[in-house]
1. I need the Debye-formula profile for segment 57-104: one equal scatterer per C-alpha, no solvent, reported as log10 I(q)/I(0) at q = 0.21, 0.23 1/Å, two decimals.
2. How many times 2.2 N^0.38 Å is the alpha carbon radius of gyration of segment 18-90?
3. Å³ per residue of the Cα convex hull, for the chain?
4. Take 1, 203, 43, 86 and sort them by solvent-accessible surface of the protein heavy atoms, 1.4 Å probe, largest at the top.
5. What list of ³J(HN,Hα) values in whole Hz, one per residue of segment 117-128 in order, does the Karplus curve 6.51 cos²θ - 1.76 cosθ + 1.60 (θ = phi - 60°) give from phi, with Gly and Pro shown as x?
6. To the nearest Å, what is the center-to-center distance of segment 180-202 and segment 21-84, using C-alpha atoms only?
7. Return one whole number: the accessible area per residue of the chain in Å², for a 1.4 Å probe.
8. ³J(HN,Hα) across segment 91-98 via Karplus (A = 6.51, B = -1.76, C = 1.60, θ = phi - 60°), whole Hz, x for Gly/Pro?
Amino acid sequence: MLELLPGIGVVLPGEAGVLRFGTGADAAHDLLTASADGVHLGMQCGSLTIKDCSELRHAHEAWLGGYLFQPGWNTVAEFDGLRLTMAGGGPGAADGLAGVEVRRVRPASGAHAGAAAVVWDGVDLFGHPAEEVLQVLPESVRLPGPATAVAVPALGLRLGGDAPVGDRWGQLTLTGTGSDGWARCCAGRFRCAEGGDGLVGIMY
C-alpha cells in the first residue's frame with residue numbers, strides 16, 4: 001500500500017519508510033529500491049528538458065504532465081500494478097523531491113490487490129468510482145482542458161490525466177508545498193496559469 005501524506009510525502013510499503021518532499025535524488029532512489037518490486041531508469045524518448053522548451057511555461061506544463069526529463073530524477077519504481085515516478089523541484093530547486101506521480105498500469109494481482117492500494121485518509125483513491133472519491137476529498141476543482149483532471153489544492157493533489165481505468169482514477173500527482181521552484185513561471189500549481197503546453201517540442 002502507498003499512503004499519501006499531503007505536505008510530507010508518501011509512505012512506502014514494506015516498512016521502507018516515508019518518501020519525503022525535499023529528499024535528495026539518491027536517498028529517494030535508495031528508499032524505493034528497498035520497497036518496490038523493481039526499480040529502473042525512465043525512458044527518455046519523447047521527453048523534454050527545460051532547454052527544449054521555448055518558454056518556461058511550457059516546461060512547467062511538461063513537468064506537471066510528467067513529460068519533463070530531469071536526469072537526477074530518472075528513477076521509476078514498480079509496485080504490484082502501480083508505477084511511481086518522481087520529480088525534482090524545477091528551475092533552481094531540482095535537488096529536492098517536489099512531486100510524486102502514481103499510475104495504475106495494470107490491475108493488481110488478486111491476492112495483492114490491497115497491497116497495491118493508493119490511500120489518503122483511509123480511502124483507496126484508485127479503488128472506488130471516481131465520483132465517490134471526489135465526495136470525500138476537500139474542495140476539488142475541475143481543471144480545464146481535454147483530459148479529465150481534478151485538483152485538490154488543500155492536499156497538493158491532482159487526479160486524472162491520461163490513465164483512466166473505467167470509471168476510476170488511474171493517475172495522480174502529489175506535490176509538496178512551497179518547494180516546486182516554478183514560482184517565476186506563474187502562480188499555477190496544477191496547471192500553468194500562463195497557458196503553457198507541455199507537448200511543445202514533442203508534438204509541435
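1. For segment 57-104 at q = 0.21, 0.23 Å⁻¹, log10 I(q)/I(0) is -0.69, -0.81.
2. Details: Rg = 12.8 Å, N = 73, 2.2 N^0.38 = 11.2 Å.
For segment 18-90, the normalised Cα radius of gyration is 1.14.
3. Details: hull volume 23.3 nm³, N = 204.
In the chain, the Cα convex hull volume per residue is 114 Å³.
4. Details: 1 90, 203 135, 43 155, 86 15 Å².
Descending order: 43, 203, 1, 86.
5. Values per residue, Gly and Pro as x: 6, 10, 10, 10, 6, x, 9, 7, 5, 9, x, 10 Hz.
6. If you average the Cα positions of each part, the centres end up 17 Å apart.
7. Working: 9630 Å² over 204 residues.
It amounts to 47 Å² per residue over the chain.
8. x, x, 9, 6, 7, x, 4, 10
The values are calculated or read from the model by the stated rules, or taken from the named source; none is laboratory data. No experiment lies behind these values; they were computed from the predicted model shown. Surface areas here come from the heavy atoms of the whole protein model, side chains and all, with no ligands, DNA or RNA. Shrake-Rupley method; radii C 1.70, N 1.55, O 1.52, S 1.80 Å.
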